[in-house]
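Following: one structure in structure tokens, then a few remarks.
The values are calculated or read from the model by the stated rules, or taken from the named source; none is laboratory data. Predicted model only: the values in this text are computed from it and were never measured. Ideal geometry is used to build each Cβ from the backbone, glycine not excepted, and the neighbour counts take in all protein chains shown. With ligands, DNA and RNA removed, areas are computed over all heavy atoms of the protein, side chains included. Shrake-Rupley method; radii C 1.70, N 1.55, O 1.52, S 1.80 Å.
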Amino acid sequence: MSSKPEQKETHQANGAVLPIVPVDCLTSLDRGQLVEPSDFLGPDGDGVEVVVLESRANAKGVREEDALLENGSQSNESDDTSTDRGPEPASPLKETSFSIGLQVLFPFLLAGFGTVAAGMVLDIVQHWDVFKYVTEVFILVPALLGLKGNLEMTLASRLSTAANIGQMDTPKELWRMITGNMALIQVQATVVGFLASIAAVIFGWIPDGHFSIDHAVLLCASSVATAFIASLVLGMIMIGVIIGSRKMGINPDNVATPIAASLGDLITLALLSGISWGLYKELESKAYVNPLVCAFFIALLPIWIIIAKKNAATREVLYSGWEPVIIAMAISSVGGLILDRTVSDPNFAGMAVFTPVINGVGGNLVAVQASRISTYLHMSGMPGESPETAPRKCPSPCSTFFSSDVNSRSARVLFLLVVPGHLVFLYTISSMQGGHTTLTLIFIVFYMTAALLQVLILLYIADWMVHWMWGRDLDPDNFSIPYLTALGDLIGTGLLALSFHILWLIGDRDSDVGD
């Protein structure tokens, strides 16, 4: 009885279709090599006589069995569900530097041009009255742009994963995933937007000791409304992109994140500028509008919380996903304080157009590296389970950038993309006559030094942070990117401000830094 299942399993594993030959067509020699037909009959005695011949070498020296196996494996390659395929997850180790660069280049340029557009918008709106007289709005810029990355990137990741594993195939599942995730990001956007406005008020009050309740309410209303509307618009765009990608047979992971990065900065900054300008105009004649707007969006919170709690996929994130988002907002707000204190000085007004670019490029590159390291670690098991991936207390720069493993190779490729990428973006800004700075050689040298140093520090921190979180049973996909992008905002803004100060001190008048 045990021979029949074994024969059936061997037949299926090989993927070959063995011939069914009528018994009458066989020679006497072939009949002697037959398996008993009764072994292949059903319990009632009916069935088809399946004849398995011993494989013989043909005239060309090719075994018939080999030919059948080869044809069967080719015809059934897409249908093979066998688990005996060997170490499939090790495929990233075969990536070359050229293939990594080729795959990263298009999303990198797409997201980069989005940051250029955001920089052009910031360069224009910095001269509006609301930015002149309520300078704390500048503090909101990195915090809200970073919030876009933290919420929309994770939304795109969650929905792409759900689509790829079949959790959005039916209309009911699709609607459940959409409503739960949209409600979740509205809760996160409203809360973090409110906290960002409080941080902006505090950071604006500390240096000067000046506090205005009207300006505080204006910041709160502008921040909450911008975060809410931007998350709503970008969330709907992400859902449309992911559903369209699935229908077109494209992996959503490859297109959703770059589109979120390219559109997020521009949409968020445009909304912040327009909303804050409109509320500032109403401040004198209709002072009740600002608190009413703030109260309206906060009053909607219970509705979004109830919807998100009903969805099992978003319930856990609703309770546990706050720490990285809030801490990242606080870090970005410090970068916003640097931006506020710098561009408020007429000597450094030209810095505004370059800030979203250097921060966005650094954040996008380190997010790619963190995601790649996390994927590499997930091949060995779940977070905290694999002793060979224990957290690194202090990785050496040589192991991060100059070793032979695939993560070190990708770090080198991402680092080498900085200079050509920023040259393209600087040329685009210059050709559009953006900014108040002429692109002289010394300015480009200082700018590139700041950009290279920013990415170098971020890639090194990513190597340590992802391994550290992994060893403490934290999924780096959910926790590392908010911290790294916030650090990118802080480091990028600080280094850029330092570069502008040095250029002004050494008297690079040709670059018109102080114009």
Which of the residues that make up the stretch 184-223 are more than 20 Å from A287 (Cα to Cα), open to solvent by 60 Å² or more (accessible area, probe 1.4 Å) and among the β-branched types (V, I, T)?
I202, I206
It is to be established whether one or more residues within the stretch 434-454 are open to solvent by 10 Å² or more (accessible area, probe 1.4 Å), within 15 Å of G119 (Cα to Cα), of a type in the set (G, A, S) and assigned to a helix (DSSP H, G or I).
no
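Looking for whichever is polar (S, T, N, Q), crowded, with 23+ Cβ neighbours inside 10 Å and closer than 30 Å to F354 by Cα here; the options are T115, T135. Which one fits? Give the steps one after another, and end with the answer.
Values: T135 fails: crowded, with 23+ Cβ neighbours inside 10 Å.
Sole residue among the options that is polar (S, T, N, Q), crowded, with 23+ Cβ neighbours inside 10 Å and closer than 30 Å to F354 by Cα: T115.
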Does V224 satisfy being closer than 22 Å to G321 by Cα, in contact (Cβ under 8 Å) with a residue 40 or more places away in the chain and in a helix (DSSP H, G or I)?
yes
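Across the stretch 170-194, what is the number of residues that are among the hydrophobic types (A, V, I, L, M, F, W, C) and over 16 Å from G321 (Cβ atoms)?
Residues of the stretch 170-194 that are among the hydrophobic types (A, V, I, L, M, F, W, C), as a first pass: 174-175, 177-178, 182-185, 187, 189, 191-192, 194.
Now restrict to residues that are over 16 Å from G321 (Cβ atoms): 174-175, 177-178, 194.
Matching residues across the stretch 170-194 total 5.
Quick check, is M469 buried (at least 23 other Cβ atoms within 10 Å of the Cβ), of a type outside the set (S, T, N, Q) and closer than 21 Å to F401 by Cβ? Give the steps one after another, and end with the answer.
On the way: buried (at least 23 other Cβ atoms within 10 Å of the Cβ): yes; of a type outside the set (S, T, N, Q): yes; closer than 21 Å to F401 by Cβ: yes.
Yes: the conditions hold for M469.
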Tell me, which residue of the stretch 296-328 that is surrounded by fewer than 13 Cβ atoms within 10 Å (Cβ to Cβ) and of a type in the set (A, V, I, L, M) is nearest to the chain's Cα centre (by Cα)?
A312
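Answer yes or no: is there a residue in the stretch 156-163 that is open to solvent by less than 10 Å² (accessible area, probe 1.4 Å), modelled with pLDDT of 85 or more and part of a helix (DSSP H, G or I). Steps first, please.
In the first step, residues of the stretch 156-163 are kept if they are open to solvent by less than 10 Å² (accessible area, probe 1.4 Å); the result is 156, 159-160, 162-163.
Imposing the further condition that a residue be modelled with pLDDT of 85 or more reduces the set to none.
No, that holds for no residue.
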List the pairs whose first member sits in the stretch 251-274 and is modelled with pLDDT of 90 or more, whose second member is open to solvent by 20 Å² or more (accessible area, probe 1.4 Å) and not in a helix (DSSP H, G or I), and whose Cβ atoms are under 9 Å apart, counting only residues at least 6 apart or on separate chains?
S273/W128
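Looking only at helices (runs of 4 or more DSSP H) that fall completely inside the stretch 275-376, which ones have 1 or more residues that are more than 22 Å from A162 (Cβ to Cβ)? Spell out the reasoning first.
Values: elements: 289-299, 301-310, 312-320, 323-343.
The qualifying helices (runs of 4 or more DSSP H) are 289-299, 301-310, 323-343.
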Residues that are under 27 Å from S344 (Cα atoms), out of contact with any strand residue (DSSP E or B) (no Cβ under 7 Å at 6 or more places or on another chain) and among the small types (G, A, S): does the stretch 137-145 have at least one?
yes
Counting only residues that are of a type in the set (S, T, N, Q), in contact (Cβ under 8 Å) with a residue 12 or more places away in the chain and closer than 15 Å to A352 by Cα, the stretch 398-438 contains a total of 2
